[in-house]
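Worksheet: one structure, shown below.
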Amino acid sequence: MIIRLAEKGDEASIAKVHVDSWKTTYKGIIDDSYLESLSYENRKKMWETAIEAGYEKGCLFVAEVDGDIVGFASAGTERTKKYEVDGELFAIYILQSCQKKGIGKALFSKVREFIIEKGNKSMLVWVLADNPSRSFYLSLHPEEIDTEQIQIGDQTYEEVAYAWKFFGE
């Protein structure tokens, strides 16, 4: 397994992981019509823009196994400024066939290093309350700091915010 910063040319593979992992992770949780509407092309454009933006304030790491991108994580400055947290893990997704093999922890570790290197002392992540991978985040010993309702498609879902403090590191 190799964890590295995403580079130009990775967009299609990241988009595939993004769409496919949403369809497997959120099946039976998020409305099927919304999941079916997800597009590789739209996600590819999104990740193209992220890679072009560079890594001064945010990051996009990919996990490769045997030369194929099987997961990714993105992070940067906490977006809302509502919490005493300065970094945010925006997304971490891994193909279902590659989960529970240490890839998520390796990606999280790289993001954590990046967040600390940028002078941040803490990080949060928002996780759907019904996300079956929520136990992954709990295994990393966060503090639960908030819950809120979010809109995805035509439905409302509960999200939980977890935070980690990195003081003294």
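The values are calculated or read from the model by the stated rules, or taken from the named source; none is laboratory data. Just so we're clear, the structure is a prediction, and the values are computed from it rather than from any experiment. Neighbour counts run over all protein chains shown; Cβ positions are idealised from the backbone, glycine included.
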Legend entry - Neighbours by Cβ (under 7 Å, 6+ apart or cross-chain): first from the range 144-158, closer than 19 Å to Thr80 by Cα; second modelled with pLDDT of 95 or more and of a type in the set (D, E, K, R): Thr147/Glu158; Thr147/Glu159; Glu148/Glu159; Gln149/Glu158; Ile150/Glu159
Inset, instruction - Please indicate, with yes or no, whether at least one residue in the range 49-57 is on the phi < 0 side of the Ramachandran plot, crowded, with 17+ Cβ neighbours inside 10 Å and of a type outside the set (A, V, I, L, M, F, W, C). - result: no
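A quick yes/no check of all residues on (1) surrounded by 15 or more Cβ atoms within 10 Å (Cβ to Cβ); (2) farther than 20 Å from Lys57 by Cβ:
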| position | (1), (2) |
| --- | --- |
| Ala73 | yes, no |
| Arg79 | no, no |
| Cys98 | yes, yes |
| Lys110 | yes, no |
| Lys118 | yes, no |
| Ser135 | no, yes |
| His141 | no, yes |
| Ile152 | yes, yes |
| Tyr157 | yes, yes |
Inset, instruction - Quick one: count up the residues across the range 159-169 that are surrounded by fewer than 12 Cβ atoms within 10 Å (Cβ to Cβ) and among the small types (Gly, Ala, Ser). - result: 1
Inset, instruction - With the condition kept exactly as written, say whether any residue in the range 51-72 is in contact with an Asp or Glu (Cβ under 8 Å, 6 or more places away or on another chain), of a type outside the set (D, E, K, R) and assigned to a helix (DSSP H, G or I). - result: yes
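Residue-by-condition table, conditions (1) of a type in the set (Val, Ile, Thr); (2) within 24 Å of Asp32 (Cβ to Cβ):
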site	(1), (2)
Ile116	yes, no
Leu128	no, yes
Glu144	no, no
Thr147	yes, no
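Residue-wise test of (1) touching a residue at least 40 places away in the same chain (Cβ under 8 Å); (2) in contact with a helix residue (DSSP H, G or I) (Cβ under 8 Å, 6 or more places away or on another chain); (3) within 26 Å of Ala129 (Cβ to Cβ).
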residue	(1), (2), (3)
Asp20	yes, yes, yes
Asp31	yes, no, yes
Val62	yes, yes, no
Gln99	no, no, yes
Gly104	no, yes, yes
Inset, instruction - Could you check, for the range 131-138, whether at least one of its residues is assigned to a loop (DSSP other than H, G, I, E, B), touching a residue at least 60 places away in the same chain (Cβ under 8 Å) and either of a type in the set (Ser, Thr, Tyr) or in contact with a Leu (Cβ under 7 Å, 6 or more places away or on another chain) (or both)? - result: yes
Inset, instruction - With the checklist (1) modelled with pLDDT under 95; (2) surrounded by 14 or more Cβ atoms within 10 Å (Cβ to Cβ) in hand, flag the one item Ser21 doesn't pass. - result: (1)
Inset, instruction - Look through Phe108, Phe72 and report the one residue that is within 23 Å of Ala6 (Cβ to Cβ), free of Cβ contacts under 8 Å to residues at least 60 places away in the same chain, out of contact with any Pro (no Cβ under 8 Å at 6 or more places or on another chain) and of a type in the set (Phe, Trp, Tyr). - result: Phe108
Legend entry - Single residue of the range 1-16 satisfying the filter (within 19 Å of Glu52 (Cβ to Cβ) and in contact (Cβ under 8 Å) with a residue 60 or more places away in the chain) that is surrounded by the fewest Cβ atoms within 10 Å (Cβ to Cβ): Arg4
